[in-house]
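Structure record follows, encoded as structure tokens.
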Amino acid sequence: MARIIFLSKEELEAKAQKAWEDHEQKGSLTNMKVALLQDYATYDAYMGWYKSWFRLVEVVGKKAASVLAHSVSTTNNCLLCSLFFVSDLKSQGLDPKALTLDEKEETLAELGRQIVTDPTKVSDELFQKLKNNFSDTEIVVIVGFVGQMIATNNFNSVLKVDVDQRLLPLISA
């Protein structure tokens, strides 16, 4: 159960109410967004995650982006985000428990694990693998996204934001 009481749409400031309605229309109003909408500035900052995500997908592809986000979220023990990316991988026809990863995808998954474990100890060997596969600009995109993902994980974990209804069946899967 979440550590905070979520405000109703009617209790939010006007910009937050509009964002709530926009997400409802798109079918994308998640528990995290309801929590964030309690403060529109915080919501707006966290919605930058989507810009980072779409840029990451441009750079590495959808599967690799999902693998990276999943590795960050599982290493960071964020159940909500981990389940979101399990769902994302499954929607791509992939089995998250039996992924076959190419060299780039494995490098990204390991990067996610190492950054979460200790960002000051990302190995030189791993960083060289990144440099072999990605330009410096692409590495900025990748590492920038990991930072965004960690922030999202931490928000959900600290506040114990409830897992969304659509993700609940994945807990036991």
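Data for the structure
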| item | result |
| --- | --- |
| Karplus (6.51, -1.76, 1.60) ³J(HN,Hα), θ = phi - 60°, over segment 65-75, in Hz, Gly and Pro reported as x | 5, 5, 4, 4, 4, 5, 5, 5, 5, 6, 5 |
| About the Cα centre, charge dipole magnitude for the chain (Lys/Arg +1, Asp/Glu -1 at Cβ), debye | 180 debye |
| Nearest-20 debye value, segment 102-173 charge dipole, Cβ charges on Lys, Arg, Asp, Glu | 280 debye |
| J(HN,Hα) series, segment 161-172, from Karplus relation 6.51 cos²θ - 1.76 cosθ + 1.60, nearest Hz, glycine and proline x | 4, 4, 5, 5, 3, 5, 8, 3, x, 6, 4, 8 |
| Per residue Cα convex hull volume in Å³ - calculated over segment 48-170 | 103 Å³ |
| Residue-wise HN-Hα coupling along segment 33-38, computed from phi with Karplus coefficients 6.51, -1.76, 1.60 (Hz; x: Gly, Pro) | 5, 4, 5, 5, 5, 5 |
| Lys/Arg +1, Asp/Glu -1 at C-beta; the chain dipole; positive extreme among Val140, His70, Phe84 | Phe84 |
| Pairs from Lys63/Lys160; Lys15/Lys51; Lys26/Lys97; Lys18/Lys62; Lys26/Lys104 whose Cα-Cα separation, in the structure shown, is over 25 Å | Lys63/Lys160; Lys26/Lys97; Lys18/Lys62; Lys26/Lys104 |
| Cross-link reach list, lysines versus Lys121, counting only Cα pairs under 17 Å and skipping chain neighbours closer than eight places | Lys129, Lys131 |
| Distance between segment 5-60 and segment 67-140 - C-alpha centres, whole angstrom | 24 Å |
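Read the figures in this text as sums done on the coordinates, not as results from a lab. Keep in mind that this is a model prediction, so the values were computed, not measured. Cβ coordinates were reconstructed from backbone atoms using ideal geometry, including for glycine residues, and neighbour counts include every protein chain displayed.
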